[in-house]
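First up is the structure itself, then whatever we jot down about it.
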Amino acid sequence: MNNYDEYYNDISDIRYQQKKVNNLIIEQDPYSAFIKGNLFNNLYIPYKDYKVAQINPKNEEEYLMLMIQIYDFCAHELTLYLDVNPNDQEAIRLRTEYINLAKQALNEYESQYKALNLTSSNLATIPWAWDTKKWPWEGNK
């Protein structure tokens, strides 16, 4: 994948059938939920004429980081929902699905680039690899 369109098409291909949790309709697509900042369609109220910005990953590393953030966001939204609806089996199942997707994306990122936290299994190497590469926010300087 070398350009935004390829990444975006890959992201937009991640489709979920619309799910209903109690009376809340969950966003079909985790990417759309992430850029809107709300997993639940019927709770999303856009601010005035605000247009949701698209995220443009420049390379595979940024793309994988984006996928981690998207799936973590969706799992977190469902965690908050479950705080007040602890018996909702569909929400629990969907949260577990997003957590597993986030773990997959994290493992893929860490196996190709670097560990993102101290509990990473990729840190069991010699030499100690915690700070041998630049952090994602440091750029290519």
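Residues in region 79-104 that are crowded, with 20+ Cβ neighbours inside 10 Å and either of a type in the set (F, W, Y) or touching a residue at least 40 places away in the same chain (Cβ under 8 Å) (or both) were compared, and the one that is farthest from N41 (Cα to Cα) is Y98.
If a residue must be in a helix (DSSP H, G or I), modelled with pLDDT of 85 or more and open to solvent by less than 60 Å² (accessible area, probe 1.4 Å), how many such residues does region 37-78 contain? Final tally of qualifying residues: 14. A residue that is open to solvent by less than 50 Å² (accessible area, probe 1.4 Å), over 18 Å from N59 (Cα atoms) and at pLDDT below 75 occurs somewhere in region 118-138. For region 14-36, taking the residues that are open to solvent by 30 Å² or more (accessible area, probe 1.4 Å) and modelled with pLDDT of 85 or more, the one that is farthest from the chain's Cα centre (by Cα) is identified as K36.
The values are calculated or read from the model by the stated rules, or taken from the named source; none is laboratory data. Worth saying up front: this structure is predicted, and the values here are computed from it rather than measured. Here the Cβ is made from the backbone with ideal geometry for all residues, glycine too, and neighbour counts use every protein chain on show. To get the accessible areas, we keep the full protein, side chains included, count just its heavy atoms, and leave off ligands, DNA and RNA. Shrake-Rupley method; radii C 1.70, N 1.55, O 1.52, S 1.80 Å.
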